[in-house]
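Notes follow once the structure below has been shown.
The values are calculated or read from the model by the stated rules, or taken from the named source; none is laboratory data. Given the structure is predicted, the values throughout are model-derived calculations rather than measurements. Here the Cβ positions follow ideal geometry from the backbone for every residue, glycine too, while neighbour counts run over all protein chains shown. These area figures cover heavy atoms from the full protein model, side chains too; ligands, DNA and RNA do not enter into them. Shrake-Rupley method; radii C 1.70, N 1.55, O 1.52, S 1.80 Å.
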Amino acid sequence: MKKYIKYIASGILMLQLVAASSCRKDFLDKSPEEDIAIEDAFLQRRYAEAFLVDIYAGLPNEIYFTDMSDINPFIVASDEMNIPWPEKFPKMMNKGSWNAFNVAGQIYKNMYEGIRKANIFLKYIPLTPISAEFTEATKQRWIGEATFLRAFYHFQLMRIYGPVAIMDYPAGVADDFTAIRRKPLEECVAFVVGECDRSIAMLPMHVVENRDLGRPTAAAALALKARVLLYNASPLWNGNPDYRSFADNQGTKLFSQEYDRNKWALAATAAKECISACEAAGYHLYRRYPANPVQNYQQLFIDNNNSEVLFARNSGRDAWMELSAFPGSLGGWNGWNPTQGQVDAYEMENGVQPITGYMADGSAIIDPASGYTESGYAATKDSEGRWLEGTNNMYVRRDPRFYATINFNGAFFVDRRLQFWQTGADGRGNAGRDFNTTGYLLKKFVDPGVSITQQRYTLKTWIFFRLGEFYLNYAEALNEAEGPVADVYKHVNDIRNRAGMPDLPLGLSAEEMRKRIWNERRVELAFETHRYFDCHRWKIAAQTDKAPVYGMNISAGTSLTDDSFYKRTLVETRVFSAPKHYLFPIPQSEIDKNPNLIQNPGW
């Protein structure tokens with residue numbers, strides 16, 4: 001607490017030093033700002049707003065898939081991506097070499113710091129007087145923002161730790177911290193849902209001014225509520241037998257003991273309410289380029305704060321995505337490498353899944369009805385430029401989202417064709433430590449207008465919630481609650497049609513629809529920090545996160561049409577222990593401070 005007050009005092013001092021330059025009173029006549037009581041600070045609107053703004057510092061900048069204290073290891077820890085840097089924390093997760101002592105604890109620290117800031121703000125904001133410049137409506141909006149952020153930070157903890165300690169008050173240094181205990185997951189869910197309901201009532205559906213972009217709205221609160229209820233209905237949290245005996249040291253069971261199918265109905269209702277309210281307020285699926293689904297999907301993540309975005313973090317003029325995803329010939333690090341499994345997930349343009357399984361050696365089992373082949377090369381270029389002459393046929397006539405998401409060998413990017421074969425300009429033979437491990441680079445999120453060599457970068461955001469997700473959330477929950485009824489088809493097909501893909505076939509069973517929705521999420525929400533959590537909440541991570549990672553043969557090839565490069569090649573075998581790895585370990589340093597927190601099973 002003393003350390004936190006010191007930070008508060010420093011922030012207040014900076015604010016007042018700026019203000020003092022326009023104040024007639026001599027600054028030296030003032031008492032030291034460190035001596036201002038927090039109650040007095042909240043008597044002034046500008047200090048209260050400074051406290052509110054500081055709560056936002058905890059928003060994770062998930063545009064960083066590695067580094068930045070490992071706040072988003074989830075992309076690489078899933079079966080979507082690989083990287084060439086073995087020392088990074090997500091690679092420790094891949095190898096199963098992480099534990100309660102070396103786990104990246106920044107998420108735990110940052111989220112509870114943000115929660116504490118929100119609690120302090122919510123305690124003292126009633127002291128801030130109403131005035132002509134600070135209306136009651138503004139005060140309620142600020143309270144709504146802080147309430148939402150407190151709920152959001154709790155959910156960020158819940159999604160990796162499961163049951164957590166609910167902190168809804170500003171704990172003081174005199175408090176008994178051993179009295180803080182993890183609450184049953186049902187209580188955690190109820191807390192977040194309740195906070196969302198409070199926020200929805202206090203927040204507008206859109207930000208009041210453009211300068212407020214990045215602040216949460218009622219749309220963000222509707223989205224958070226819907227997502228947490230979807231997680232709560234899913235197998236990991238809903239009557240999971242693996243956690244039936246998981247209890248604290250007082251015998252309190254921390255997970256629900258029985259499966260409750262009605263939770264899917266609650267999740268479906270919340271998702272539909274989110275969609276309806278947002279669309280009534282003017283949000284809609286991004287369709288700025290309806291005639292070009294590749295460009296439309298690509299621009300969805302480059303056109304900041306567009307009509308589909310419900311809540312996003314402003315990341316500033318950031319170079320990290322392009323540095324990590326650009327090829328070496330353009331000054332990049334060759335670092336974000338989609339796996340062959342992710343590439344295989346994209347259907348053919350006719351809507352048929354090309355790969356139905358794998359042989360023991362990793363070779364693909366191909367559905368001949370798909371038209372997919374891994375032999376030969378395109379004789380001519382695509383009229384829309386999706387592939388050029390000489391492109392391997394495995395990359396021809398795929399889902400348009402493939403071309404907006406994956407950079408493959410021979411693809412045209414910025415001003416050149418990419419050369420991932422061994423001796424190519426972007427190949428293993430021309431790279432040192434920063435080499436492409438799979439023969440693919442991430443294209444999604446990447447702005448081709450950026451120049452690394454000229455240090456010309458663009459403003460970035462990271463989307464936490466977008467409307468398209470909730471179409472798929474609704475379809476999934478409704479299918480589990482009622483089966484593949486018409487509204488399930490409608491919302492999945494709306495996403496597919498926007499991407500230039502045909503409708504799903506009629507007559508699917510609930511299980512068949514589930515598989516189609518799962519794959520649709522894998523494609524539509526790729527690399528958006530969903531795949532890791534989807535596979536965990538569905539309880540299939542023991543297969544997906546443990547599956548061998550394949551790519552192209554990056555150690556072979558001397559030209560674009562050299563067949564030796566296009567051989568499926570094992571990159572690595574990963575480790576996943578169930579049920580241990582379904583949840584993160586609480587950092588041991590936190591357990592040492594308060595043994596009553598109780599460590600997660602297996603750790």
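Please state the relative contact order of the chain as a whole percent: Cα pairs under 8 Å, 6+ residues apart?
So the answer I get is 17 percent.
Among DSSP beta bridges whose residues both lie in the chain, state the antiparallel percentage, nearest 5.
Roughly 95 percent of the DSSP beta bridges within the chain come out antiparallel.
What is the gain in length, in nm to one decimal, between residue 577 and residue 179 on full extension, counting 0.36 nm per residue of separation less the C-alpha to C-alpha distance?
On the way: separation 398, 0.36 × 398 = 143.28 nm, distance 3.17 nm.
Full-extension gain reported as 140.1 nm.
Along the positive direction of the dipole of the chain (beta-carbon charges: Lys, Arg +1; Asp, Glu -1; about the Cα centre), which of 269, 508, 555 reaches farthest?
555
To the nearest 20 debye, what is the magnitude of the charge dipole of segment 484-581 about its Cα centre, counting +1 on the Cβ of each Lys and Arg and -1 on the Cβ of each Asp and Glu? Intermediate results must be reported in sequence, preceding the final value.
Numbers: 16 positive and 13 negative charges, 74 e Å.
The dipole of segment 484-581 has a size of about 360 debye.
Could you sort out which of 88/515; 460/539; 95/490; 109/139 sit more than 30 Å apart by Cα distance in this structure?
Numbers: 88/515 32 Å; 460/539 33 Å; 95/490 41 Å; 109/139 28 Å.
Where the Cα-Cα span goes over 30 Å, the pairs concerned are 88/515; 460/539; 95/490.
Picking from 431, 74, 451, whose Cα lies most toward the positive end of the charge dipole for the chain (charges on Cβ: Lys, Arg +1; Asp, Glu -1)?
Going by the charge dipole, the pick is 431.
May I ask which residue of 98, 372, 238 lies farthest towards the positive end of the charge dipole of the chain, with charges of +1 (Lys, Arg) and -1 (Asp, Glu) on Cβ and the Cα centre as origin?
Result: 98.
Using mean Cβ contacts within 10 Å as the protection proxy, how do 268-280, 144-156 order, highest first?
Listed from highest to lowest mean packing, they are 144-156, 268-280.
When we measure straight from the Cα of residue 253, which aspartates and glutamates land under 17 angstrom away, once same-chain ones fewer than 8 places off are left out?
186, 187, 242
Roughly how many Å is it from the Cα centre of segment 355-399 to that of segment 471-499, as a whole number?
28 Å
For the chain, what is the mean residue ellipticity at 222 nm derived from helices alone (per DSSP H run of n ≥ 4: -39500 (n - 2.57); sum divided by total residues; nearest 500 deg cm²/dmol)?
-11500 deg cm²/dmol
Highest first, please rank the peptides 75-85, 475-485, 42-52 by the mean number of other Cβ atoms sitting within 10 Å of their residues.
The densest-packed peptide leads the list: 75-85, 475-485, 42-52.
Using the Cα centre of segment 416-464 as the reference point, and only Cβ charges (+1 on K/R, -1 on D/E), how large is the resulting charge dipole? Debye, rounded to the nearest 20. Write out the running numbers ahead of the final one.
Values: 8 positive and 3 negative charges, 16 e Å.
Once rounded to the nearest 20, the dipole reads 80 debye.
Ignoring ligands, DNA and RNA, how do 256, 234, 375 rank by accessible area with a 1.4 Å probe, largest first?
375, 256, 234
Which residues' amide hydrogens lie under 5 Å from the amide hydrogen of residue 310, considering only partners 5 or more residues apart or on another chain, with H built in the peptide plane?
HN-HN under 5 Å from residue 310: 465, 466, 467.
When only Cα pairs under 8 Å and 6 or more residues apart are kept, what is the percent relative contact order across segment 268-416?
That works out to 16 percent.
Given the peptides 245-252, 307-314, 560-567, arrange them by the average over their residues of other C-beta atoms within 10 Å, most packed first.
The densest-packed peptide leads the list: 307-314, 560-567, 245-252.
With +1 on each Lys and Arg Cβ and -1 on each Asp and Glu Cβ, how big is the dipole of the chain about its Cα centre, in debye rounded to the nearest 20?
440 debye
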